[in-house]
Amino acid sequence: MSMKSAIHNTSTTNKKLDGLEELGHVPSSISQATCSDSGPPDGGFRAWGTVFGCFLVQFCSLGYTSSFGVYQDYYTRIYLPKYSPSAISWIGALASFLAVNVTLISGPLYDRGWFYHLVIVGSSLQSLSLFALSFAKPGQFYMIFIVQGVLFGIGMGLTYGPCMAVISQHFSRRRTLVMSLVTSGTPLGSMIHPIMLNHLLNGTVGFARGVRASAGFISALLFIASLSMRTRGLPVPTVSYTVVARKCSCEVLFILMTVGILLCQISSFFPMFYLQLDSIKHGIDVHFSFYSLTIMNAACFISRSTTGMIATYTGVLNFTIVATVACGAIVISMIALSDVASVVVLGLAYGYFSGVCVALIVPLVIEFTPDLSELGARMGICFTFTSFSGLIGGPVSGALLGPRYRWWMPSLFSGFDIRGDAPDDIPPRKKRKPSIAGGDT
């Protein structure tokens with residue numbers, strides 16, 4: 001049984017549904033597992049050390065691949081000029097796809113107690129792939145594709161899910177708070193890595209030595225993370241995916257929600273991959289353009305930290321609708337990007353509302369889960385489909401952009417794609433009480 005099914009144990013240990021609704025974006029691989037009869041200690045040196053290690057994994061995995069816009073810009077202008085932006089975007093798209101879908105392998109292995117093996121192998125793959133990337137020469141697209149797209153993506157997939165799941169072995173009451181702290185490592189990494197990579201790649205250091213320096217930094221943090229994380233016991237699988245999958249295939253609302261999340265995530269790759277390149281191609285100062293992704297991710301960091309509190313008052317579905325419509329309007333407005341002020345405004349606005357969309361995915365799945373004992377399986381099913389957004393969003397935007405850099409085409413495609421997925425035509429479910437330890441609250 002995959003570790004995704006163990007998410008149910010999160011709901012059975014929390015006494016109120018609003019605790020679950022404060023969760024941010026949690027990939028399909030995340031599970032909250034039962035560890036021992038004594039229950040999680042909710043603190044202690046080993047527990048907080050594990051939190052620190054998991055935070056570093058987030059920082060080094062999705063936080064790094066979310067900074068692919070820097071590589072996209074550098075490859076397009078300097079290192080791989082003979083290849084189209086669409087072809088280059090496949091590198092980052094595949095890495096993002098594998099980060100989620102490799103958990104279909106790492107999940108069952110985690111359930112069997114292979115946590116340390118997964119951490120060591122995954123961290124080693126990430127480290128070695130970046131060092132191998134530094135040896136790639138200009139024009140060697142396929143080598144870059146293999147080491148940065150395939151190997152780095154597999155390494156992320158082996159570590160990302162298990163390192164999130166292990167948190168549930170140490171925390172029960174504080175689990176929501178701790179989960180939000182850990183997941184904030186992704187936007188924080190998305191703020192720091194672009195600054196570092198831009199100064200290394202575009203400065204006097206150059207590509208080879210710059211990537212090696214970045215690889216050394218990632219390797220050191222992953223080594224610290226591996227030493228910090230500890231397990232307490234073996235997870236216990238509880239839910240049959242086959243039964244839940246049959247039920248989900250008959251629920252129109254759940255299907256519409258999954259399609260909506262998929263469309264929203266497809267559209268998010270255009271700003272993520274092309275904002276910096278868009279800024280530079282419009283004649284904006286190169287040194288300022290290097291900070292465009294940092295500006296966007298800073299706003300995303302703030303929104304992920306505050307969305308849970310705001311959604312408590314507005315409602316998850318209502319806030320999701322507002323955020324998706326706002327994201328669509330902002331992406332369409334990227335057609336008007338022309339100066340420093342427009343980059344700042346668009347970056348901050350899109351960063352904030354896209355962070356809201358990401359943070360509300362898990363609570364939205366909960367809204368359409370009538371029986372919380374199926375939560376883990378439903379999340380696994382949902383995110384298995386939505387993970388394909390990484391293979392679609394970046395390449396399609398690059399193909400629409402073309403060698404002539406027609407920015408209005410991917411802007412309209414992504415903007416209307418996001419606005420089309422806003423689930424304002426989906427009636428909210430009747431409010432239900434979560435099943436807690438076999439009873440209602």
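The values are calculated or read from the model by the stated rules, or taken from the named source; none is laboratory data. Only a predicted model underlies this, so the values are computations on that prediction, with no experimental measurement involved. Using ideal geometry, Cβ is built from the backbone for each residue, glycine included, and neighbour counts are taken over all protein chains shown. Calculation scope for accessible area: heavy atoms of the full protein, side chains included, ligands and nucleic acids excluded. Shrake-Rupley method; radii C 1.70, N 1.55, O 1.52, S 1.80 Å.
Numbers at a glance
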| item | result |
| --- | --- |
| Residue count for region 260-271, restricted to those that are more than 14 Å from Ile330 (Cβ to Cβ) and either open to solvent by less than 20 Å² (accessible area, probe 1.4 Å) or hydrophobic (A, V, I, L, M, F, W, C) (or both) | 6 |
| Looking only at region 272-283, and only at residues there that are among the aliphatic types (A, V, I, L, M) and either out of contact with any helix residue (DSSP H, G or I) (no Cβ under 6 Å at 6 or more places or on another chain) or open to solvent by 10 Å² or more (accessible area, probe 1.4 Å) (or both), the one that is nearest to Leu391 (Cα to Cα) | Met272 |
| Region 309-320: number of residues that are open to solvent by 30 Å² or more (accessible area, probe 1.4 Å) and either farther than 15 Å from Phe368 by Cβ or modelled with pLDDT under 85 (or both) | 5 |
| Residue in region 416-423 that is open to solvent by less than 20 Å² (accessible area, probe 1.4 Å), modelled with pLDDT of 80 or more, in contact with a helix residue (DSSP H, G or I) (Cβ under 6 Å, 6 or more places away or on another chain) and of a type outside the set (Asp, Glu) present | no |
| From the options Gly69, Gly63, residue that is at pLDDT 85 or above, closer than 30 Å to Pro138 by Cβ and either surrounded by 24 or more Cβ atoms within 10 Å (Cβ to Cβ) or within 13 Å of the chain's Cα centre (by Cα) (or both) | Gly63 |
| Selection from region 34-60 of residues that are within 19 Å of Ser219 (Cβ to Cβ) and modelled with pLDDT under 90 | Gln58 |
| Which numbered condition Val243 misses (of (1) in a helix (DSSP H, G or I); (2) buried (at least 17 other Cβ atoms within 10 Å of the Cβ)) | (2) |
| Residue that is farthest from Tyr160 (Cα to Cα) [pool: residues in region 84-120 that are surrounded by 17 or more Cβ atoms within 10 Å (Cβ to Cβ) and free of Cβ contacts under 8 Å to residues at least 60 places away in the same chain] | Ile91 |
| Some residue of region 125-148 being within 17 Å of the chain's Cα centre (by Cα) and among the aliphatic types (A, V, I, L, M) | no |
| Positions within region 61-83 being assigned to a loop (DSSP other than H, G, I, E, B) and touching a residue at least 24 places away in the same chain (Cβ under 8 Å), in sequence order | Ser61, Ser66, Ser67, Leu80, Lys82, Tyr83 |
| Considering residues of region 424-441 that are open to solvent by less than 60 Å² (accessible area, probe 1.4 Å) and outside any loop (DSSP other than H, G, I, E, B) only, the residue modelled with the highest pLDDT | Ser435 |
| Among the candidates Val286, Val343, Val358, Val331, residue that is in contact with a His (Cβ under 6 Å, 6 or more places away or on another chain) and of a type outside the set (Gly, Ala, Ser) | Val358 |
| Positions within region 249-292 being closer than 15 Å to Leu346 by Cα and of a type in the set (D, E, K, R), in sequence order | Asp278 |
| Whichever residue in region 108-120 is over 21 Å from the mean Cα position of the chain (by Cα) and within 23 Å of Val147 (Cβ to Cβ) and, among such residues, is modelled with the highest pLDDT | Ile120 |
| Residue count for region 197-208, restricted to those that are more than 15 Å from Pro138 (Cβ to Cβ) and of a type outside the set (Ser, Thr, Tyr) | 6 |
| Answer residue from region 159-197, given it is under 18 Å from the mean Cα position of the chain (by Cα), among the polar types (S, T, N, Q) and modelled with pLDDT of 75 or more and is surrounded by the fewest Cβ atoms within 10 Å (Cβ to Cβ) among those | Ser184 |
| Phe288 being of a type in the set (A, V, I, L, M, F, W, C) and farther than 22 Å from Gln58 by Cβ | yes |
